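Student: Take a look at the following structure, please.
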Amino acid sequence: MRVVYTDEALADLDEILEYITAHYPAIYARFERRLRLIEARIGSWPESARMVAEHRGIRVVPFIRYPYKLFYRVENDRVEILHIHHAARRAPWEQNDEDAAGPGAED
């Protein structure tokens, strides 16, 4: 199944990669490999990740070695990546204007 990113997910990813580059450049390549593995997994087995209880149809994959979660949904013939967020931050649908923390910051 084809994996695509929403504009919001691409913005999340840009912010995360910027943060990693500035603060942890040594893990950049490993983080990117982990992301590609997640993309391959959900593209091959789109129903493999756990469902988000509060939001029907949305699934979440933790990055395991890194404190991030990838949120996605299955739409017809594709997997749509909705957001990538730091695990310490609120879920994307719980965000509000007071959430100014960066991708490496905790709430």
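Here, each number is a calculation from the coordinates, and none is a lab measurement. Just so it is clear, the structure is predicted and the values come from calculations on it, not from any experiment.
Student: Expressed in nm to one decimal, what extension gain is obtained for the pair MET1 and ILE64 from 0.36 nm per residue of sequence separation less their Cα-Cα distance? Let's see the in-between values first.
Tutor: Working: separation 63, 0.36 × 63 = 22.68 nm, distance 2.29 nm.
That works out to 20.4 nm of additional length.
Student: Still on this structure, please answer the following. Between ALA11 and ALA29, what length in nm is gained on full extension when 0.36 nm per residue of separation is reduced by their alpha carbon distance? Please list the in-between numbers first.
Tutor: Values: separation 18, 0.36 × 18 = 6.48 nm, distance 1.88 nm.
Once the chain is fully extended between ALA11 and ALA29, it gains 4.6 nm.
Student: Still on this structure, I have one more. Can you give me the three principal axis dimensions of the stretch 2-89 from its C-alpha atoms, in Å, biggest first?
Tutor: Principal extents (largest minus smallest coordinate, Cα): 37, 25, 24 Å.
Student: Would you mind calculating the gained length between ALA22 and ARG78 on full extension (0.36 nm times residue separation, minus the Cα-Cα distance), in nm to one decimal? Don't jump to the answer; show the numbers that get you there.
Tutor: Working: separation 56, 0.36 × 56 = 20.16 nm, distance 3.28 nm.
Stretched fully, the ALA22-ARG78 segment lengthens by 16.9 nm.
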